[in-house]
Amino acid sequence: MAPQLPLDVASAPKLDDDGHPQRTGNLWTCVAHIITAVIGCGVLALSWSVAQLGWVAGPIAMVCFAFVTYISAFLLSHCYRSPGSEKMQRNYSYMDAVRVHLGRKHTWLCGLLQYLNLYGIGIAYTITTATCMRAIKRANCYHSEGRDAPCDSNGEHFYMLLFGAAQLLLSFIPNFHKMAWLSVVAAIMSFAYSTIGLGLGLAKTIGDGTVKGNIAGVAMATPMQKVWRVAQAIGDIAFAYPYTIVLLEIQDTLRSPPPESETMQKGNVIAVLATTFFYLCVGCFGYSAFGNAAPGNLLTGFGFYEPYWLIDFANACIVLHLLGGYQMFSQQIFTFADRCFAASFPNSALVNRSYSVKILPWRRGGGGGGAGRYEVNLQRVCFRTVYVASTTGLALVFPYFNEVLGVLGALVFWPLAIYLPVEMYCVQRRISPWTPRWAALQAFSVVCFVVGTFAFVGSVEGVIRKRLG
């Protein structure tokens, strides 16, 4: 799953009677938020996924995940209000909805998986950024020295450490309200590199005058190896699609009337159709351009060599997107950690005391106003340093792009995108057990559980196999 950016873009939003920002969103802002949340670095693995599945199963898999994503979003959009009246309580986040509908135990499960997913995304983004920075260096080398030059560089570890150092600095941004600019930049970069990948695949297909690939996809030495590859491909597609974690936050931006659920359902249809069309184009044009040799990452696997400056620009866009995207996800964990430490240690100076540090040696206006200062909290310094160091360390140990994306996508696909929305919808609509409607929803959940488990096991096998050489 790609991805999910915060929705607050105003520095000082007006508040409603409940103390939350006033809701002014409409259908088109809803669609824009969903597309921004969904399209991320996972799109670059789709050509590889189609190559593993072949010309029939690959597109069908993407369409099936689009359908599952829509059903999941449809169910969850009805859980914004509890227990169903437009005048009843609003659930401002996914965890709020789980707590209201399913109780404390399910809330703990939801929180554990959400934060585990956010942490894993930090690892994946560290891996991807290093790969892209290395690709920029190789593209320039191939352009100047020729395609047969020994340009394979082994500097990924250095770039991971460099990315970790940058994230350590960015992690001291206090909260979401101070990073709206980072969200805007990340969204623009995401759209830019995805579009470049699509355009390059289309141009190469037209230039070659042939459609590569076959029905069965990449051939493997043994049937079991093929099974594991198919599982990894499904995991990568699962990572690229669902936006369940932020759906209710998006819905909370919509004005009413009309009812938020009505606007959200229309937005789901438009956004899922647009995203699916875009994904099919990227995945299929990439596969048609490279066939079974489709790289794991469309922009870093060197299926494309020229124009080198466009390859460099696209990879630079990915790096800028992931610099911001890492913080968009990590800030949620930082906020949660700050609250937990403050509640557990209310009298601790380490946790609750801040120290003012001068960061600018000049005064505004040449004499009026105070010098620039930053409030340093030692607990934040310690926790965020350990957090960034741990994600960087795990990326150094497991630098496997496709396999890591597959593990993350498969891990949260069923519990967060299927199981919890189905259970909440049954409570919300008071659907009795063993009725036809309940049986249909449970069958849908079971099928998705089997698919998610298959993808998870295959992706874990891929990580272990690569780690063991």
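The values are calculated or read from the model by the stated rules, or taken from the named source; none is laboratory data. Since we're looking at a predicted model, the values are computed, not measured. No Cβ is skipped: glycine too gets one built from the backbone with ideal geometry, and neighbour counts run over all protein chains shown. Note: areas computed on protein heavy atoms with side chains; ligands, DNA, RNA excluded. Shrake-Rupley method; radii C 1.70, N 1.55, O 1.52, S 1.80 Å.
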Accessible-area order for E403, E375, largest to smallest, probe 1.4 angstrom, reads E375, E403
The percentage of the accessible area of the stretch 407-462 (probe 1.4 Å, all protein chains present) made up of carbon and sulfur atoms, to the nearest whole number, is 75 percent
Among K204/K466; K137/K466; K105/K266, the pairs whose Cα-Cα distance exceeds 27 Å are K204/K466; K105/K266
Ranked output for segments 443-450, 342-349 by mean other Cβ atoms within 10 Å, highest leading, reads 443-450, 342-349
The alpha-carbon center of the stretch 391-420 and that of the stretch 54-70 are separated, in whole Å, by 20 Å
